[in-house]
Amino acid sequence: MSRVYNFCSGPAALPEAVLKKAQAEMLDWHGAGVSVMEMSHRSSEFMSILASAKARLARLLDIGDDYDILFVQGGASTLFAQIPANLTNGFDSACYLDTGAWSSKAIKEAKRYTKVDVVGSSKEQNYSTVPNFSTLELDENAAYLHICPNETIGGVEFSDLPETSLPIVADLSSTILSRKIDVSKYGLIYAGAQKNVGPAGVVICIIRKDLLARSTDDLPSIWNFAHLAENDSMINTPPTYAIYLADLVFEWLEGQGGVEAIEAVNIRKAQALYDFIDSSKFYSNPVDPAFRSRMNVPFILADDSLDALFIEESEAAGLRTLAGHRSVGGMRASIYNAMPMEGIVALIDFMRAFEKRHG
Ligand code: PLP
């Protein structure tokens with residue numbers, strides 16, 4: 001079986017070059033005689049991999065010395081709880097912007113730890129847009145403002161940040177490294193790896209060092225951001241192989257010319273797909289054009305009785321996992337950094353031919 005174009009929202013396609021390198025190094029990493037999977041996390045070899053991953057990520061995102069890079073376990077969902085557990089000490093509330101399914105989940109978890117002020121929501125618009133930032137009522141005494149700048153399920157993305165003195169905490173799970181960001185504008189950035197970074201099992205957490213003072217000793221150690229930072233993410237055994245693959249993905253991305261270069265490609269990919277959808281009466285995208293995601297492109301067929309056939313025929317054509325999230329239905333093409341332009345062209349060709357046959 002040859003490789004197909006994989007449009008899964010996560011775990012998502014990884015660059016083929018990365019997988020080949022991992023395969024070549026699988027049995028014997030750099031002459032160590034063992035796989036990275038088999039080596040002690042405290043060995044000098046693994047310590048060098050961890051240091052390399054951090055250094056590459058810092059270069060790719062231009063992360064300043066006033067930030068720590070943590071590799072956290074449990075998935076981005078764990079951070080939905082871990083963030084309020086760490087950052088609300090000494091505060092009465094936290095502000096959350098509700099722009100879709102993932103914001104809502106973060107809100108639900110935060111409510112277990114603190115009073116949550118939902119400062120804006122696009123729920124009434126079926127999460128097809130982003131609230132106007134000038135209408136947000138931010139309590140400047142809150143612990144932080146939480147945002148999700150790319151809603152993976154709804155396909156809604158924004159790049160501007162609300163004006164606030166609060167530390168901005170951002171779930172960048174499905175957009176990290178796909179576009180340039182100014183890290184210094186954030187208090188904390190977190191991202192599950194399984195989209196643009198590597199395999200599932202590790203979460204990137206970039207935290208401004210002054211916020212570490214908020215973590216109290218009554219937190220479980222492996223949940224405590226300050227302890228994680230002090231111990232270089234190694235309070236216990238970290239997900240070593242996932243970190244190793246993240247390092248290979250960062251290396252690959254540097255080879256592509258870095259974030260700015262991949263962003264230019266991502267713009268072209270998304271533009272081609274949205275242009276095609278907009279030119280068709282058979283397919284449509286429900287999102288406000290000002291906030292369409294470059295990473296996750298949901299689309300619906302004019303006749304939803306054709307959905308199952310669309311999935312069946314697209315899979316047969318080597319286009320994998322185009323079904324929309326089970327909560328919203330329709331279709332969704334996730335087109336992260338590893339998806340080449342050729343995959344977009346193949347998808348558009350298939351969609352055009354499908355429309356001809358069944359439209
Ligand atoms: N946040 C966003 C934006 C996501 O897309 C996802 C998963 O797809 C998550 C959080 C949850 O990630 P995890 O499954 O790693 O907990």
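Brief remarks on what is shown
- Each peptide in 198-207, 142-151 gets a packing score, the mean of other Cβ atoms within 10 Å over its residues, and the list from highest to lowest is 142-151, 198-207.
- DSSP H segments from the chain that extend 27 Å or more along their own axis, Cα-based, with Kyte-Doolittle mean of -1.0 or above: 258-279
- Cα gyration tensor, the stretch 68-117 - rounded (a/c under 1.5), prolate or oblate: oblate
- The chain - mean residue ellipticity at 222 nm from DSSP helices (-39,500 (n - 2.57) per run, n ≥ 4, rounded to 500): -11000 deg cm²/dmol
- With Cα atoms as the point set, the chain shows a radius of gyration and Dmax of 20.8, 63 Å.
- Global form of the stretch 207-359, assessed from the alpha-carbon gyration tensor, a/c cut-off 1.5: prolate
- Flagged links, alpha-carbon separation over 27 Å, of Lys21/Lys209; Lys20/Lys269; Lys180/Lys269: Lys21/Lys209
- Counting beta carbons within 10 Å around each of Ser77, Ser48, Ser165, Ser334 and listing the fewest first gives the order Ser165, Ser48, Ser77, Ser334.
- The chain - percent relative contact order, Cα under 8 Å, separation 6 or more: 23 percent
- Ascending count of other beta-carbon atoms within 10 Å, so fewest first, for Met331, Met37: Met37, Met331
- By the count of other C-beta atoms within 10 Å, a proxy for reagent exposure, Met295, Met339, Met26 are ordered fewest to most as Met26, Met339, Met295.
- Considering only alpha-carbon pairs that sit under 8 angstrom and 6 or more positions apart, the relative contact order computed for the stretch 1-159 is 17 percent.
- In a DSSP loop and with at most 15 other Cβ atoms within 10 Å, the trypsin sites (Lys or Arg not before Pro) in the stretch 169-264 are Lys180.
- Qualifying trypsin sites (Lys or Arg not before Pro) in the stretch 262-301, where qualification requires a DSSP coil assignment and no more than 11 other C-beta atoms within 10 Å, comprise Lys281.
- The peptide list 115-127, 8-20, put in order of mean Cβ contacts within 10 Å with the highest first, becomes 8-20, 115-127.
- Contact order for the stretch 65-216, expressed relative to its length and based on alpha carbon pairs under 8 Å spaced 6+ residues apart, stands at 29 percent.
Coordinate-derived values only; no laboratory data. Here the structure is a predicted model, which is why all the values come from computation and not from measurement. Positions of Cβ are backbone-derived with ideal geometry, glycine not excepted, and every protein chain shown enters the neighbour counts.
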